[in-house]
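Read through the structure below, which is laid out as structure tokens, and then see the notes.
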Amino acid sequence: PHDSSFSGLRVVVTAGPTREKIDGVRFISNYSSGKMGFAVAREAADRGAKVTLITGPVSLEAPPGIRRIDVQSAREMNEAAESLFSETDIFIGAAAVADYRPAEPIEGKVKKGDSEMEMRLVQNPDILAGFGAQKSARQLAIGFALEEAGGIEHARTKLEAKNLDLIAFNTFNGTDSGFEVDTNILTLIGRGDETVALTKLTKEAAAGKLLDAVERLLPRKAKQ
Ligand code: C5P
């Protein structure tokens, strides 16, 4: 570790997509690669934190020294996060959690019929909002908000609705920011009026800037 500013702090990071079962061979998911969450986890570990990474299916290796919990669905991710709640100082939600899941996943394989078909979806738990709602004064909740360009106000609304301490707004233009690519353009929004607009950075560098901002919240909160 090159820095021990997070020394002794227990950081939980969610990463990657979730998969919501349609039947035994199909699922609903999204294009999240897990790169941003893994970069955040690595950076926190480098700074001395004890890191647990709860990840959906991705093709990335967990950095050494990090406890990794693999999950598939949003409900599994939620269970893992809840089971760690009392031992979490900082929760960072970088996962692209599916908002909906098929109401009744089917056993086996759905057969093709000769007309259209409907599938009823129900809402998944909001993992980060759950953490935000329950957290004590010494726990920090950090989120990401992937929005269309100009969606910064939306991000600010999420910061408040989910009771977060910091949210990283980013867009998905497919080349410089968002899913799958190696770079990101983050705007960090805190409580109050502090906003830091970052330039295009590698996800590793962006993770560093995010954790710099989290570190500035520490003396007041998690460290005491
Ligand atoms: O999907 P949304 O824009 O509301 O996501 C904002 C933040 O909330 C992200 O940090 C994401 O990881 C988290 N989230 C979650 N559980 C959900 C939906 C979103 O933890 N079901």
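The values are calculated or read from the model by the stated rules, or taken from the named source; none is laboratory data. For clarity, every value in this text was computed on a predicted model and none was experimentally measured. In this analysis, Cβ positions are derived from the backbone assuming ideal geometry, glycine residues included, and neighbour counts consider all displayed protein chains. Only protein heavy atoms, including side chains, enter the accessible area calculation; ligands, DNA and RNA are left aside. Shrake-Rupley method; radii C 1.70, N 1.55, O 1.52, S 1.80 Å.
Being within 13 Å of the ligand (Cβ to nearest atom), aliphatic (A, V, I, L, M) and within 30 Å of residue 216 (Cβ to Cβ) is true for just one of 137, 62, 44, 141. Which residue is that? Outline the logic, then answer.
Values: 137 fails: within 13 Å of the ligand (Cβ to nearest atom); 62 fails: within 13 Å of the ligand (Cβ to nearest atom); 44 fails: within 13 Å of the ligand (Cβ to nearest atom).
Going through 137, 62, 44, 141 in turn, the sole match is 141.
When the stretch 100-144 is examined, which residues are found to be among the acidic types (Asp, Glu) and surrounded by 14 or more Cβ atoms within 10 Å (Cβ to Cβ)?
Step one: list which residues in the stretch 100-144 are among the acidic types (Asp, Glu), which gives 104, 107, 114, 116, 118, 126.
The answer is 126, and nothing else.
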Please name all residue pairs, on different chains or six or more residues apart, with Cβ atoms under 9 Å, provided the first residue is in the stretch 86-110 and is under 24 Å from residue 142 (Cα atoms) and free of Cβ contacts under 8 Å to residues at least 60 places away in the same chain and the second residue is part of a loop (DSSP other than H, G, I, E, B) and within 16 Å of the ligand (Cβ to nearest atom). 99/124; 99/126
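Of all residues in the stretch 84-107 being in a loop (DSSP other than H, G, I, E, B) and either at pLDDT below 95 or not small (Gly, Ala, Ser) (or both), which is nearest to the ligand (Cβ to nearest atom)? Please lay out each step first, then the result.
First pass over the stretch 84-107, keeping only residues in a loop (DSSP other than H, G, I, E, B): 88-89, 94-95, 97-99, 103-107.
Among the residues that remain, those that are also either at pLDDT below 95 or not small (Gly, Ala, Ser) (or both) are: 88-89, 97, 99, 104-107.
Values: 88: 13, 89: 17, 97: 4, 99: 6, 104: 20, 105: 18, 106: 23, 107: 25 Å.
The selected residue is 97.
Where in the stretch 2-83 are there strands (runs of 3 or more DSSP E), lying fully within it, with 1 or more residues that are touching a residue at least 40 places away in the same chain (Cβ under 8 Å)? Reasoning before the result, please.
On the way: elements: 10-15, 20-23, 26-28, 50-55, 67-70.
Of the strands (runs of 3 or more DSSP E) lying wholly inside the stretch 2-83, those with at least 1 residues that are touching a residue at least 40 places away in the same chain (Cβ under 8 Å) span 10-15, 20-23, 26-28, 50-55.
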I'd like the full set of residues that are touching a residue at least 12 places away in the same chain (Cβ under 8 Å) and either among the small types (Gly, Ala, Ser) or open to solvent by 60 Å² or more (accessible area, probe 1.4 Å) (or both), limited to the stretch 172-184. 172, 173, 177, 178, 179, 180, 182
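For residues that are within 14 Å of the chain's Cα centre (by Cα) and farther than 15 Å from residue 19 by Cα, scanning just the stretch 52-67, find the one that is surrounded by the most Cβ atoms within 10 Å (Cβ to Cβ). Lay out the reasoning, then the answer.
Within the stretch 52-67, the first condition is being within 14 Å of the chain's Cα centre (by Cα), and the residues that meet it are 52-58.
When the remaining residues are screened for being farther than 15 Å from residue 19 by Cα, the result is 52-53.
Numbers: 52: 20, 53: 28.
By that ranking, first place goes to 53.
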Inside the stretch 145-160, can you point out the residues that are part of a loop (DSSP other than H, G, I, E, B) and open to solvent by 80 Å² or more (accessible area, probe 1.4 Å)? 148, 149
Among the residues that make up the stretch 180-189, is at least one of them modelled with pLDDT of 95 or more, assigned to a strand (DSSP E or B) and either of a type in the set (Lys, Arg) or over 15 Å from the mean Cα position of the chain (by Cα) (or both)? yes
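Would you check if there is a residue in the stretch 116-127 being among the β-branched types (Val, Ile, Thr), more than 20 Å from residue 166 (Cβ to Cβ) and either within 13 Å of the ligand (Cβ to nearest atom) or not in a helix (DSSP H, G or I) (or both)?
First, pick out the residues of the stretch 116-127 that are among the β-branched types (Val, Ile, Thr): 122, 127.
From the residues that got through so far, the ones that are more than 20 Å from residue 166 (Cβ to Cβ) too are 122.
Remaining after also requiring either within 13 Å of the ligand (Cβ to nearest atom) or not in a helix (DSSP H, G or I) (or both): 122.
Yes, the conditions are met somewhere in the stretch 116-127.
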Tell me whether the stretch 35-51 contains one or more residues that are under 23 Å from residue 180 (Cα atoms), touching a Ser or Thr at 6+ places or on another chain (Cβ under 6 Å) and open to solvent by less than 10 Å² (accessible area, probe 1.4 Å). no
